[in-house]
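The values are calculated or read from the model by the stated rules, or taken from the named source; none is laboratory data. Please read these numbers as outputs of a predicted model, since none were measured by experiment. Here the Cβ is made from the backbone with ideal geometry for all residues, glycine too, and neighbour counts use every protein chain on show.
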Amino acid sequence: MTAAAVAIEQKPSREILFEVRDLRVHFPGPSGSVRAVDGVDLDLYSGETVALVGESGCGKSTLARALVGLSPITRGSVRFRGEALDFKSRARLRPVRRAVQLVFQDPYASLNPRLTVRATLAEAISLHQELDARGVERAIAELLESVGLDPTLADRYPHEFSGGQRQRISVARALAVRPSLILCDEVTSALDVSVQAQILELLKSLQQRLGVAYLFVTHDLGLVRYIAQRVLVMYLGQLVEVRDSEQLFTDPAHPYTRALIGSSPRVGRAGLAGRGLVSGEVPSPLRPPSGCRFHPRCPDRFDRCPREMPELYPLPAGGASRCFLSDPAEK
């Protein structure tokens, strides 16, 4: 059973925003193709918060960007609200670009330094809403108030704000087009811890009021446990575990997930502390290992691991794990 099939079983009552099947993003190079994303199935639902986690270079940001056409897809399909996306057609992508917005890691680089906040928000509003000048002004004020900023600050430039305030402006810009999903790519990693908490509280309150869904791309498991309902764990271009958040942190199934949790001081448990250390370096996506891609570093590997590619096996409590230890045939 694929990760997507598992996800459909877990949340049948919600609208599926994205259906992704066998998604591959390979970047050609002089020595071969870099398999940044290599056969991913997933579904994203309306109103939920999903975290996509893994080490740097595992392909999580590439996967998120591929959903909106910012990374070229080598193979596979993406459906948005049931309709297949044609990433070569700008016209057919327009509804997706409106429904899905991105908030990036660096609030200092993601805002145009030559535009005031008013101009930044007015540009986004005017592209997607037909409002007169007074309507645009009301929308700007409402957006700034919704992210906890005083509308009287609208004529200031980005350099006149703190990092946390700039990230709030980035969120306001994303909300200007009334999206169904916001892709948050390491949105708090450039901020102080106290400011991180404020941004996360803001995002949670906006979700409760507006019903927007989030896909968080992050390596911060403390953030994941706090904000995500569902977690996708990625390793070397593949999803290796798909679980509800509480299940993942209390009973991780995949050895790589246990390693991530055990190595995180904010979320690790005593029983997992020793499992946080794995040998070796992350292999190159240019030449991934045969069989299970984690097997060269896995403390639980056995003779089947280097020979066969594991599937995403369904777990009794829900979710799935790409590990032969979860294969019913091994029980």
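Yes or no, residue by residue, for (1) assigned to a strand (DSSP E or B); (2) at pLDDT below 85:
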site: S33; (1), (2): yes, no
site: C58; (1), (2): no, no
site: S77; (1), (2): yes, no
site: V96; (1), (2): no, yes
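Can you confirm whether region 68-75 contains a residue that is in a strand (DSSP E or B), hydroxyl-bearing (S, T, Y) and at pLDDT 90 or above? No, region 68-75 contains no residue that is in a strand (DSSP E or B), hydroxyl-bearing (S, T, Y) and at pLDDT 90 or above.
So in region 226-266, with the set limited to residues that are at pLDDT 95 or above and among the acidic types (D, E), which one is nearest to D300 (Cα to Cα)? The extreme case among them is E241.
So in region 130-158, with the set limited to residues that are free of Cβ contacts under 8 Å to residues at least 40 places away in the same chain and assigned to a loop (DSSP other than H, G, I, E, B), which one is farthest from the chain's Cα centre (by Cα)? By that ranking, first place goes to D132.
The rows are residues; the columns are (1) among the β-branched types (V, I, T); (2) surrounded by fewer than 22 Cβ atoms within 10 Å (Cβ to Cβ); (3) out of contact with any Asp or Glu (no Cβ under 9 Å at 6 or more places or on another chain).
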residue: P28; (1), (2), (3): no, yes, yes
residue: D43; (1), (2), (3): no, no, no
residue: L52; (1), (2), (3): no, no, yes
residue: G57; (1), (2), (3): no, yes, yes
residue: V68; (1), (2), (3): yes, yes, yes
residue: S71; (1), (2), (3): no, yes, yes
residue: R79; (1), (2), (3): no, yes, no
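Okay, residues lined up against (1) of a type in the set (K, R); (2) buried (at least 17 other Cβ atoms within 10 Å of the Cβ); (3) touching a residue at least 12 places away in the same chain (Cβ under 8 Å):
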residue	(1), (2), (3)
E160	no, no, no
C184	no, yes, yes
T188	no, yes, yes
D192	no, no, yes
S205	no, no, no
V212	no, yes, yes
V224	no, yes, yes
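Contact map, region 301-320: residues that are buried (at least 20 other Cβ atoms within 10 Å of the Cβ) paired with residues that are among the basic types (K, R) and in a strand (DSSP E or B), Cβ distance under 7 Å, separation 6+ or inter-chain. Pairs shown: G319/R243.
For the condition crowded, with 21+ Cβ neighbours inside 10 Å and within 26 Å of the chain's Cα centre (by Cα), what is the one hit in V177, V171, V117?
V171
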